[in-house]
Structure formats: structure tokens, C-alpha cells
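First comes the structure, then the notes that go with it.
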Amino acid sequence: MQSAFPVLLMLAAGAAIAGQSLFSGTLGARVGVMESTFIIHLGGLLLAALILLFMRGGNLGAWRAVPWYVYLGGFLGVLIVAAYSFAVPKIGLASSITLAIVAQLVISAVLDHYGILGAAQQSLSWSRGFGIVVLLAGTWLILR
């Protein structure tokens, strides 16, 4: 079993995603999808800037040493927040998050299995494959 801290951290991150998705959906319904996306990212930028200021820049200078494609994460962040801003008011929070999680798991299992884009290579075991099948069944139950 893995150490407790990363597990607890990711559980907290999952709870934060639920909150952020709800707030993003509420904001998106009131001011518009792209407006909500802008406001959410502006808030994140301000918090990250304050933390980096406190850390005296941290390791920000090492940005040149990473592959170019990792910077697409910012663009993907806009897509993610915009999707939640649009979908949550229309299909609900649980359905939106369920669909996002199933997509995350399937895509991340493929990335891990083949070690694509620098992912740590982990073969898709029978138990992981079965877990994906169970998740798909759970998704069907939640969405019906």
C-alpha cells in the first residue's frame, strides 16, 4: 500500500474538484461559460502568484528544461473549467464529475500502459482492467 499522505491529498483534491465544479457551473450559468472560465483561472493565477512570491519564486526558473507539450496543461485547464461551467447546470454535478472521472481513468490507463508523453509506464493489469469495467458499469448506473 502506498503512503497515506498522497492518498489523503488526492482525496482532498477530489473534494476540491467537486467544489470547484459546482462554483464554476454556478458562475457559468450566471455570467457565461468563458467568463466563468476566465474568473476561475484569474483567481487561481492570483493564488499561485502569492504562493510563489512567498516561496521567492521557487523553482520557476527551470521552466525551460521541460518538454514543450507540458505547457498544453494550461490550455487543457481552460477546456476543463469551461466544460464544467457548461455541463454542471445542464446535467448536474454528479453526472458531470462521473463522466469526467471515467474519461480520466480510461485515458490515464492508456497513457500509463504505453508510457505516453512521459507517463510512468505501468502495464494494464487484469485487476485495473476489471476496475475500469466496474467504473463503466457504475457510470451507467449514475447516468440512467
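The values are calculated or read from the model by the stated rules, or taken from the named source; none is laboratory data. For clarity, every value in this text was computed on a predicted model and none was experimentally measured. Backbone-built Cβ (ideal geometry, glycine too); neighbour counts: all protein chains shown.
For region 76-98, how many residues meet the condition of being over 22 Å from residue 41 (Cα atoms) and surrounded by 14 or more Cβ atoms within 10 Å (Cβ to Cβ)?
Residues that pass the stated criteria total 3.
If residue 58 meets every condition in (1) in a helix (DSSP H, G or I); (2) touching a helix residue (DSSP H, G or I) at 6+ places or on another chain (Cβ under 9 Å) apart from one, which number is that one?
(1)
Examine region 65-74 for a residue that is under 17 Å from the mean Cα position of the chain (by Cα), aliphatic (A, V, I, L, M), at pLDDT below 95 and in a helix (DSSP H, G or I), and state whether such a residue exists.
Yes, because at least one residue in region 65-74 is under 17 Å from the mean Cα position of the chain (by Cα), aliphatic (A, V, I, L, M), at pLDDT below 95 and in a helix (DSSP H, G or I).
Can you go through 43, 73, 57, 61 and tell me which one is under 30 Å from residue 137 (Cα atoms) and surrounded by fewer than 18 Cβ atoms within 10 Å (Cβ to Cβ)?
73
Can you name every residue in region 95-144 that is acidic (Asp, Glu) and touching an Asp or Glu at 6+ places or on another chain (Cβ under 7 Å)? Before you say what the answer is, go through the steps one by one.
Filtering region 95-144 for residues acidic (Asp, Glu) gives 112.
The answer is none; no residue qualifies.
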